[in-house]
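Here the structure comes first, spelled out in structure tokens, and everything after it is commentary.
The values are calculated or read from the model by the stated rules, or taken from the named source; none is laboratory data. Since this is a predicted model, take the numbers as computed values, not measurements. FYI the Cβ positions are ideal-geometry reconstructions off the backbone, even for glycines, and counts take in every protein chain you see. Accessible surface is based on the protein model in full, side chains and every heavy atom, while ligands, DNA and RNA are left aside. Shrake-Rupley method; radii C 1.70, N 1.55, O 1.52, S 1.80 Å.
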Amino acid sequence: MTSVALERVTYGTGFTRARAPRIYQRPRRAANLVQEPAINNSSLSHALGQLAHVHGASKQSMDQLSTLLTQIVEDRTAYATLSSDGNGGALAQWRAGRSYIALEIGLSERSFVYSDASGTLRENLANDDLDDLTRLRSALRAFTDFLDSANPRWRAQRESRGR
């Protein structure tokens, strides 16, 4: 498993926080020695930046959650809220109206639940089923599409609050 090391960033106001480093693309050809420009995935940076503030989750579950988020979160994905599940596991949640996604990485089990805008359960995956990243990405895209249609300005509102 790969884990992403957080870097500490201090702003001019003296405010300090942890954030995920920018993700760089590797050059496609070995002969190309020029570094590709950074990919700024704000949704992933937001999620990984919250990891430093989650207390009560084991390092193992946090590392697994970090790896899974790195694999499924795209730049346009809605922002997740991260927390401990109260039993040593880590939880990522996305909520908007009756639609929600919960991704839980426990000490011995993993689960993913997706309910659409009408409250209908669309995905309920556990353990090995989570290895199908296409289904997780698809659910996140559908959730984000719903959020975009319900409130097209959600990202601008979030950024204007400085989060």
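Looking only at residues in the stretch 132-163 that are in a helix (DSSP H, G or I) and modelled with pLDDT under 80, the one that is least open to solvent (accessible area, probe 1.4 Å) is Trp154. Could we say that Ala57 is farther than 23 Å from Ala142 by Cβ and either part of a helix (DSSP H, G or I) or open to solvent by less than 30 Å² (accessible area, probe 1.4 Å) (or both) here? Yes: the conditions hold for Ala57. Just checking, does the stretch 73-91 include any residue being surrounded by 14 or more Cβ atoms within 10 Å (Cβ to Cβ), over 16 Å from Lys59 (Cβ atoms) and of a type in the set (Asp, Glu)? No. Inspect all residues belonging to the stretch 31-43 and state whether any of them is closer than 28 Å to Thr120 by Cβ, modelled with pLDDT under 85 and either of a type outside the set (Phe, Trp, Tyr) or within 11 Å of the chain's Cα centre (by Cα) (or both). Scanning the stretch 31-43 turns up at least one residue that is closer than 28 Å to Thr120 by Cβ, modelled with pLDDT under 85 and either of a type outside the set (Phe, Trp, Tyr) or within 11 Å of the chain's Cα centre (by Cα) (or both). A search for C-beta distances below 9 Å between a residue of the stretch 130-150 that is aromatic (Phe, Trp, Tyr) and any residue that is loosely packed, with under 15 Cβ neighbours inside 10 Å and outside any helix (DSSP H, G or I), counting only pairs 6+ apart in sequence or on different chains, returns Phe146/Gly97. Of the set (1) farther than 18 Å from Ala57 by Cα; (2) open to solvent by 10 Å² or more (accessible area, probe 1.4 Å), all apply to Leu125 but (2).
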